[in-house]
There are 4 protein chains.
Amino acid sequence: MPSPTATLLVSCPDQRGLVAKIASFIYANGGNIIHADQHTDFTAGLFLTRIEWQLEGFNLPRELIGPAFNAIAQPLQANWQLLFSDTVPRIAIWVSRQDHCLFDLILRQKAGELNAEIPLIISNHEELGAIARQFNIDFHHIPIAKDTKAAQEAKQLELLRQYQIDLVILAKYMQILSSEFIAHFPQVINIHHSFLPAFAGANPYQRAYERGVKIIGATAHYVTADLDEGPIIEQDVVRVSHRDDVTDLIRKGKDLERIVLARAVRLHLQNRVLVYGNRTVVFA
Amino acid sequence: MPSPTATLLVSCPDQRGLVAKIASFIYANGGNIIHADQHTDFTAGLFLTRIEWQLEGFNLPRELIGPAFNAIAQPLQANWQLLFSDTVPRIAIWVSRQDHCLFDLILRQKAGELNAEIPLIISNHEELGAIARQFNIDFHHIPIAKDTKAAQEAKQLELLRQYQIDLVILAKYMQILSSEFIAHFPQVINIHHSFLPAFAGANPYQRAYERGVKIIGATAHYVTADLDEGPIIEQDVVRVSHRDDVTDLIRKGKDLERIVLARAVRLHLQNRVLVYGNRTVVFA
Amino acid sequence: MPSPTATLLVSCPDQRGLVAKIASFIYANGGNIIHADQHTDFTAGLFLTRIEWQLEGFNLPRELIGPAFNAIAQPLQANWQLLFSDTVPRIAIWVSRQDHCLFDLILRQKAGELNAEIPLIISNHEELGAIARQFNIDFHHIPIAKDTKAAQEAKQLELLRQYQIDLVILAKYMQILSSEFIAHFPQVINIHHSFLPAFAGANPYQRAYERGVKIIGATAHYVTADLDEGPIIEQDVVRVSHRDDVTDLIRKGKDLERIVLARAVRLHLQNRVLVYGNRTVVFA
Amino acid sequence: MPSPTATLLVSCPDQRGLVAKIASFIYANGGNIIHADQHTDFTAGLFLTRIEWQLEGFNLPRELIGPAFNAIAQPLQANWQLLFSDTVPRIAIWVSRQDHCLFDLILRQKAGELNAEIPLIISNHEELGAIARQFNIDFHHIPIAKDTKAAQEAKQLELLRQYQIDLVILAKYMQILSSEFIAHFPQVINIHHSFLPAFAGANPYQRAYERGVKIIGATAHYVTADLDEGPIIEQDVVRVSHRDDVTDLIRKGKDLERIVLARAVRLHLQNRVLVYGNRTVVFA
């Protein structure tokens, strides 16, 4: 692991001098930029950038970087986030009965691929509690029924607060979050087992089989109040043929789901994803 | 080019002895099988097969193969087609203003990749007539307006009959064929510029851009009365990123459209595609 | 799981009537074929086929199928194997220090994707013993040094015999098997972390980085006396860019290694792979 | 086409303030940056960047931009190139007997995908002269024999000078350029019909078939004195199976060659490729 870095994610109306102003701010304070990328959406008139620099040798103390940058950002009408690489985010993984994404995320975290802690697993079923115990992660079983949903979501939110969770990953969690929940806790990544917008909603593999597609996909996206309509972070696909029945699609899809979700989570944890409108810019 | 072959495409209710009966029929008449593939759809209870054998040394004269096989096929309630590799199908390519698929198909046919003749190009615009002339292919300009459509489709059908066309390829033909047309001439392959069923209908690249997908696709399918709902022959995809605007999607998509359409046409011309329900079996 | 099936894998000099003879043998004994595929290599003059049929309702008792088929196979000079789907092969996984392929294979086996038992893990290091214990699999630590290699391979062979192992999977086992070992136990699948024949041998990711390739790959192959030269079962690739250093190549490669090895093992366990010369036919 | 832009490609030893200095230079002169990307190779201690800005409203006249930037670049020990989007490069396409890449490049240029002129085609055979005439491009037939090679390369160089060629594209030109030629004219892109470094040299498809690979590839690279060893710009792959003989590999490969070469040429013409050592940075 190299020395800690700071990352600025900035979006603002496009105008002259943005790169110069931001880069000069870092240079003037002695920072060594190790990654800088930008994108201009000319249709939206929007400039977006990600700049990462080493904190070693940077003259501003951490607590002053934000206020100092804000003086630059305000006249630009910029939205911005400041993140430090040694602040390790805390993840809650939510699952139902399928374990493949859960195992995958835990093993990647242990292998050092994901810069995060995983202190909490929540499930609407009991089956996967054994995996949680195997890896010493707290497991909370919160079953959901139509009439208990609001109350159970309150419990879930309470757990997220209690465990100081920064990010929820729906790793094949087969319940829909209410828009109230999303309003309270908007940092949620979901894996959908289709190539969105194809086969949004329930039973995508069955429907893909019935439509006779030759390729299936998976999509990782931020969750919004509109089911399966949130900003897409990553997608991938795999070929299928007439020899593949629904069971084969599900099996092949599991490999896709694992990889697409893991890539999206990693990109998010590296602060490489900016959302604007219903789109993402991924500074990979 | 090897010596001519015969190909049987057969589908029938699944039952014991199908492979043995069909293979024995060919062997008993001295045929050398060079390709045999089969598929059983257990859900549909359907058996489908493709068998190709060399005509050299086959004891039945061509005109008797069909009647002889029919005696086997009838008790099996089989649908079947018999095709000879030296019967060269005749293709009509239909276009509007975009030339990339047209050029691609013509050049592949000249390069020997497509076992077909291309005597006819039909367009609702005049622009691509120059390409037709360049390659000595007859070009008919048949503009379509709402109130002339029925009459113009009658002209189109007359041309197909006159030119003895076996297959129509919609190579970016931006008009919808009426269900009456399809009823009269059902052998039509279309290229749709999206990963169906995502973005069926108009302006798929614009809509893909707006949805913020990370992958775009193209789909070649047989045309049915339901727009963009016909049996899919082939699909492929390419990655896009936030840097790609709609123009880039269109440019990247053109490569996909060319390749996906060409593959589908080649598979069809090699008699490798069987349709049942709204699905295809592709014996590639 | 459907009722048990028998599978014949046959290769013989190409000649007329092969499909008919084999299919008729099964039909005559009341078998219902559920998969039949064939391939003719015209250059090699070789016919290869895979036929699978349901044992339920088949009139020959299991122990007579082989002898009965042999009467057909001998005049055809055919090599053949007969396999029953309810005979579950026993796998030994060999590893060194990396755990990603080991975890992946164990989890897939538990999920029912691999029709096999895994009673034995062998390693030249001790680290992965904890994983073996976690899943209740016997673990044997057999360190290899230059002067102990012959003796240690004898121990390994003894373990394979004792555990009645059918297949060895080198799941990132960083030692080379001697040709003597292969002569005694030829059923070995290896995962090589490059797109063979590029970067055969040591340190493929380092060398891929130095060459500046834009795509990296992984290759699963049967092990022969020639290092990294055995028949290839499966390969896949992933894009890399100038932003990926060697560490990134290794991380991205791990996903490839997992998937390519798992696919190859599954194909092998389903008896879908025929080897001839240094090539495989994969009846997928 | 938007208004003209200037692009700076810069590489220099890594040090603090590079982004700030370059961006400030453009901002100070009133430039509006529309693309900025950078990469640091920490192993090589090298910083590389591409910055593109609109010339409209830029206060420095064109002829002064270079000298002004040089004052910044010299103390940084930077290598740099300055390019204007309305300076249209002139391409010579070199071919032998295969026409698919030639057709592809010409059609893309006519479709506006390649910002270049194609005034010259050179071939060591006569066959493709007809295509040159069809598109009104000058064609020079320069046959190569062992003892005439040096003299013929002199003629080729004279033609490149005469036609003021900026870039040579070897679009399936089946001759090796001498290192003397490369020394005189180093801007050459070649398409090699394999996934380099696999199957460098002659007959890659035949050798890929013999090795039994499951995937084939194509590689576009800058030509250096070492055959097939130059910096790679782009690669792509396609799946093959045991059903594909060498002829099929060649046919499938042609699609790869077209697309990989076209992508590489487009990236080069957009000044998105920086070479250092034997590697490329592609600011796509």
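The values are calculated or read from the model by the stated rules, or taken from the named source; none is laboratory data. Since we're looking at a predicted model, the values are computed, not measured. Every residue, glycine among them, receives a Cβ derived from its backbone with ideal geometry; neighbour counts consider all protein chains shown.
When A:SER179 is tested against (1) in contact with a helix residue (DSSP H, G or I) (Cβ under 9 Å, 6 or more places away or on another chain); (2) touching a residue at least 24 places away in the same chain (Cβ under 8 Å), exactly one condition is not met: (1).
Within the stretch A:26-40, if we keep just the residues that are among the polar types (S, T, N, Q) and assigned to a strand (DSSP E or B), the residue that is surrounded by the most Cβ atoms within 10 Å (Cβ to Cβ) turns out to be A:GLN38.
Keeping to the stretch B:269-284, report how many residues are within 14 Å of chain A (Cβ to nearest Cβ), out of contact with any Gly (no Cβ under 7 Å at 6 or more places or on another chain) and either within 27 Å of A:ALA44 (Cβ to Cβ) or in contact (Cβ under 8 Å) with a residue 24 or more places away in the chain (or both). Spell out how you get there, then give the answer.
Residues of the stretch B:269-284 within 14 Å of chain A (Cβ to nearest Cβ): B:272-284.
Adding the requirement that they be out of contact with any Gly (no Cβ under 7 Å at 6 or more places or on another chain) leaves B:272-277, B:281-284.
Those still in the list that are either within 27 Å of A:ALA44 (Cβ to Cβ) or in contact (Cβ under 8 Å) with a residue 24 or more places away in the chain (or both) too: B:272-277, B:281-283.
Qualifying residue count for the region: 9.
Every listed requirement among (1) within 12 Å of another protein chain (Cβ to nearest Cβ); (2) modelled with pLDDT under 95; (3) not in a helix (DSSP H, G or I) is met by C:SER3 save one, (1). Of all residues in the stretch C:106-147, those satisfying the criterion of being within 23 Å of the chain's Cα centre (by Cα), assigned to a helix (DSSP H, G or I) and charged (D, E, K, R) are C:ARG108, C:LYS110.
As a summary of the residue check, C:GLY57 satisfies the conditions (1) closer than 25 Å to B:GLY31 by Cβ; (2) facing another protein chain (nearest Cβ under 10 Å) except for the one numbered (1). Quick check, is A:PHE47 touching a helix residue (DSSP H, G or I) at 6+ places or on another chain (Cβ under 7 Å) and in a strand (DSSP E or B)? So A:PHE47 fits the description; yes.
Specify which of the listed residues (D:ILE165, D:ILE169, D:ILE144) is in contact (Cβ under 8 Å) with a residue 24 or more places away in the chain, out of contact with any helix residue (DSSP H, G or I) (no Cβ under 7 Å at 6 or more places or on another chain) and either loosely packed, with under 14 Cβ neighbours inside 10 Å or among the β-branched types (Val, Ile, Thr) (or both). Full working, then the answer.
Working: D:ILE169 fails: out of contact with any helix residue (DSSP H, G or I) (no Cβ under 7 Å at 6 or more places or on another chain); D:ILE144 fails: out of contact with any helix residue (DSSP H, G or I) (no Cβ under 7 Å at 6 or more places or on another chain).
Criteria check complete, one pass: D:ILE165.
Among the conditions (1) crowded, with 21+ Cβ neighbours inside 10 Å; (2) without any contact (Cβ under 8 Å) to a residue 24 or more places away in the chain, B:GLY253 misses just one, which is (2).
Of all the numbered requirements in (1) in contact with a helix residue (DSSP H, G or I) (Cβ under 6 Å, 6 or more places away or on another chain); (2) more than 8 Å from every other protein chain (Cβ to nearest Cβ), C:VAL260 misses one, and that requirement is (1). In the stretch A:87-101, the qualifying residues are those that are under 15 Å from the mean Cα position of the chain (by Cα) and crowded, with 22+ Cβ neighbours inside 10 Å, and the one that is nearest to A:THR5 (Cα to Cα) is A:ILE91.
When C:ALA28 is tested against (1) under 27 Å from the mean Cα position of the chain (by Cα); (2) farther than 18 Å from C:TYR276 by Cα; (3) of a type in the set (Gly, Ala, Ser), just one condition goes unmet, and that condition is (1).
From the list A:ARG239, A:ARG243, pick out the single residue that is without any contact (Cβ under 8 Å) to a residue 12 or more places away in the chain, within 11 Å of chain B (Cβ to nearest Cβ) and more than 29 Å from A:ALA183 (Cα to Cα). Write out each step before concluding.
On the way: A:ARG239 fails: without any contact (Cβ under 8 Å) to a residue 12 or more places away in the chain.
Of A:ARG239, A:ARG243, the one residue that is without any contact (Cβ under 8 Å) to a residue 12 or more places away in the chain, within 11 Å of chain B (Cβ to nearest Cβ) and more than 29 Å from A:ALA183 (Cα to Cα) is A:ARG243.
Among the conditions (1) within 14 Å of chain B (Cβ to nearest Cβ); (2) within 27 Å of C:GLY112 (Cα to Cα); (3) not β-branched (Val, Ile, Thr), C:LYS21 misses just one, which is (2).
Could you list, in sequence order, the residues of the stretch B:197-212 that are within 7 Å of chain A (Cβ to nearest Cβ) and under 15 Å from B:ASP236 (Cβ atoms)? Spell out how you get there, then give the answer.
Pass one, the stretch B:197-212, residues within 7 Å of chain A (Cβ to nearest Cβ): B:197-198, B:211-212.
Answer for the stretch B:197-212, where residues must be within 7 Å of chain A (Cβ to nearest Cβ) and under 15 Å from B:ASP236 (Cβ atoms): just B:ALA198.
With A:PRO197, A:PRO231 as the choices, which residue is in contact with a Ser or Thr (Cβ under 6 Å, 6 or more places away or on another chain) and not hydroxyl-bearing (Ser, Thr, Tyr)? So the residue among A:PRO197, A:PRO231 that is in contact with a Ser or Thr (Cβ under 6 Å, 6 or more places away or on another chain) and not hydroxyl-bearing (Ser, Thr, Tyr) is A:PRO231. One residue alone among A:LEU227, A:LEU159, A:LEU177, A:LEU170 is farther than 26 Å from A:ILE250 by Cβ and more than 14 Å from chain B (Cβ to nearest Cβ), and that residue is A:LEU159. The number of residues in the stretch A:46-74 that are free of Cβ contacts under 8 Å to residues at least 40 places away in the same chain and either more than 24 Å from D:ILE33 (Cβ to Cβ) or within 25 Å of the chain's Cα centre (by Cα) (or both) comes to 9. Could you please find all residues in the stretch C:1-25 being within 21 Å of B:GLU56 (Cβ to Cβ) and crowded, with 21+ Cβ neighbours inside 10 Å? If the condition is that a residue be within 21 Å of B:GLU56 (Cβ to Cβ) and crowded, with 21+ Cβ neighbours inside 10 Å, then C:LEU18, C:VAL19, C:ALA20 are the ones that fit. If the condition is being more than 27 Å from A:GLU52 (Cβ to Cβ) and part of a helix (DSSP H, G or I), then the stretch A:74-105 contributes A:HIS100, A:CYS101, A:LEU102, A:PHE103. Could you go through the stretch D:32-39 and let me know if any residue there is over 23 Å from the mean Cα position of the chain (by Cα) and either small (Gly, Ala, Ser) or within 28 Å of C:GLU210 (Cβ to Cβ) (or both). Looking through the stretch D:32-39, none of the residues is over 23 Å from the mean Cα position of the chain (by Cα) and either small (Gly, Ala, Ser) or within 28 Å of C:GLU210 (Cβ to Cβ) (or both). Residues considered: A:ILE122, A:ILE91, A:ILE106. Of these, the only one that is in contact with a His (Cβ under 7 Å, 6 or more places away or on another chain) and either closer than 21 Å to A:GLN164 by Cα or aliphatic (A, V, I, L, M) (or both) is A:ILE122. Would you confirm, using the coordinates I've provided, whether C:ILE232 is within 27 Å of D:PHE42 (Cα to Cα), in contact with a Gly (Cβ under 7 Å, 6 or more places away or on another chain), of a type in the set (Val, Ile, Thr) and buried (at least 21 other Cβ atoms within 10 Å of the Cβ)? Judged against the criteria, C:ILE232 is not a match. Out of curiosity, is B:PHE195 buried (at least 22 other Cβ atoms within 10 Å of the Cβ), on the phi > 0 side of the Ramachandran plot and assigned by TED's automatic domain parsing to the domain that holds B:LEU261? So B:PHE195 does not fit the description; no.
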